[in-house]
Amino acid sequence: MTAFQLILVVALGGLLAGTAVAWIKGWASRPALSAWAGLWIVGLVAACRPEATTRVAGLLGIRRGADLLLYCSSLGMLAGFFMMYVRLRRVRTDLTVLTRQVAILTAHEGGGRDGDRGRGSGGPAPAEAGPPPAKGDPETFLKTS
Amino acid sequence: MTAKGVSLTDVYVVVAAYNEGAVIADVLRELSDVVPNVVVVDDGSTDDTYRTACRLARWTLRHPVNRGQGAALQTGIAFALRQGAAVVVTFDADGQHRPEDVPRLVQSLERERCDVALGSRFLGTTDGLPASRRLALRAAVLFSRAASGLQLSDAHNGLRAFTRRAAERIDLRLDRMAHASELLDQIARSGLPYCEVPVHVRYTEYSTAKGQRLGAAPRILFHYLLGRALG
């Protein structure tokens, strides 16, 4: 076993152990952890028995096992980026929903057409908007937001 | 002035504003003289847009963080519906639109028996529309026709009116500028009757500088297509 193989085995073994801990502690769903564990095990096999990847590559019409690993890694990374993007998009959507709720709950009722003609601002926020509305003081709201 | 039996006091005009401190006061003064219920959604501005809006608009909402024009419009529409709006109008904050066009849009809803009235600068008139922008808008019209199936003369005009029924069916999920195309898709999918109303759009140095750059088109298109694909 070369030094690099040794590093790979230690790193992948560590990841597998971490996955096992996550499984025991219930930090993530079992199917997700199973998928991760499978990935680390395949990595360990490839690190310990590189010739095995060449055999699998041959079955798929790829000449070298290293090429197979490279293609799989590239595909995995692209899929990972896409999944991250989708998740980020979902988080952004949630952020917008939250922002919208805050905006509606703290709606400020102002003077409307007479607002700059002495009637002033400071009416109550809409009652149906729910929990404590901002009492119409823009300065206060700006300081707290 | 009525639309389907409602007066202008039942009309809520939603103005999404982001760093419009230079012009928002004039826009709101003009608008409030025509329609009493003006709802400004300040989209996390860093200038004095919020303070000015609080003074001049009937209602002012503030996004604590910037979420984009589509998100701000949806916030304003949701708020207007909560307030019991019979008609919801969207109106740009940069001074491009004329407040006098708002009653005309609202009247069109009744006259044309439609649920959505879309302002069209190409059926109406424009002041100072740069040639490059005219070209870009024409291209956007062609794209919108192909994407949504709506045969419109103008694609991204911010002046629109919705009956309550239509506003309740609008659910803008694309937060940023792609919402304009998403909105047309939703109108097409809803099957609600729509009409176009000639409006006047004035391009000032300010609004031209504030508007979208041509270079932003690919990004907007990407967000729109991705939004469509992911639902």
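Read-outs: derived from the displayed coordinates by stated rules, not from any lab. Treat the numbers as computed from the prediction; the structure is a model and nothing was measured. Virtual Cβ from ideal backbone geometry, glycine too; neighbours counted across all protein chains shown.
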* Asked: How big is the antiparallel share of DSSP beta bridges in chain B, given as a percent to the nearest 5?
  -> 25 percent
* Asked: Rounded, prolate or oblate: which fits chain B when a ≥ b ≥ c are the square roots of the eigenvalues of the alpha-carbon gyration tensor, with rounded for a/c under 1.5 and prolate only if a/b beats b/c?
  -> rounded
* **q = 0.19 Å⁻¹, the range B:1-135: log10 I(q)/I(0) [Debye, one scatterer per Cα]** => -1.10
* Enumerate by residue number the GluC sites (Glu not before Pro) in the range B:95-136 meeting two conditions: DSSP loop (anything except H, G, I, E, B), and at most 15 other Cβ atoms within 10 Å of the site's Cβ. => B:100, B:112
* Structure fact -> Once residue A:21 and residue A:66 are pulled to full extension, the length gained, defined as 0.36 nm per residue separation minus their Cα-Cα distance, is 13.1 nm
* Which of B:190, B:32, A:34 comes first, and how do the rest follow, when ranked by fewest Cβ neighbours within 10 Å? -> A:34, B:190, B:32
* Asked: Using a simple spin-label model with points 7 Å from Cα along the Cα→Cβ vector, what separation in nm is obtained for residue A:84 and residue A:56?
  -> 2.4 nm
* Asked: Is the shape of the range B:152-231 rounded, prolate or oblate, going by the alpha carbon gyration tensor and its root eigenvalues a ≥ b ≥ c, with a/c under 1.5 for rounded and a/b larger than b/c for prolate?
  -> oblate
* Student exercise, the range A:2-99 dipole from Lys, Arg, Asp, Glu Cβ charges, in Debye to nearest 20 -> 200 debye
* Stokes-Einstein D for the range B:104-159, Kirkwood Rh over Cα pairs, 25 °C, 0.890 mPa s (µm²/s) -> 199 µm²/s
* Structure fact -> For the protein assembly as shown, percent of DSSP beta bridges that are antiparallel (nearest 5) comes out at 35 percent
* Structure fact -> For the range B:96-231, shape from the Cα gyration tensor axes a ≥ b ≥ c, cut at a/c of 1.5 then a/b versus b/c, turns out oblate
* Charge dipole magnitude, Cβ of K and R +1, D and E -1 - chain B, Cα centre, debye nearest 20 -> 500 debye
* Asked: Which is farthest toward the positive dipole end of the range B:75-148 among B:106, B:137, B:120, measuring Cα position about the Cα centre, with Cβ charges +1 (Lys, Arg) and -1 (Asp, Glu)?
  -> B:137
* Would you mind telling me the antiparallel percentage of the DSSP bridges in the range B:97-231, rounded to 5? => 35 percent
* Mean projected area (nm²) of the alpha-carbon convex hull when the protein assembly as shown is viewed from all directions -> 25.1 nm²
* Using the Cβ atoms and a cut-off under 11 Å, what net charge is assigned to the surroundings of residue A:83, where Lys and Arg are +1 and Asp and Glu are -1? -> +3
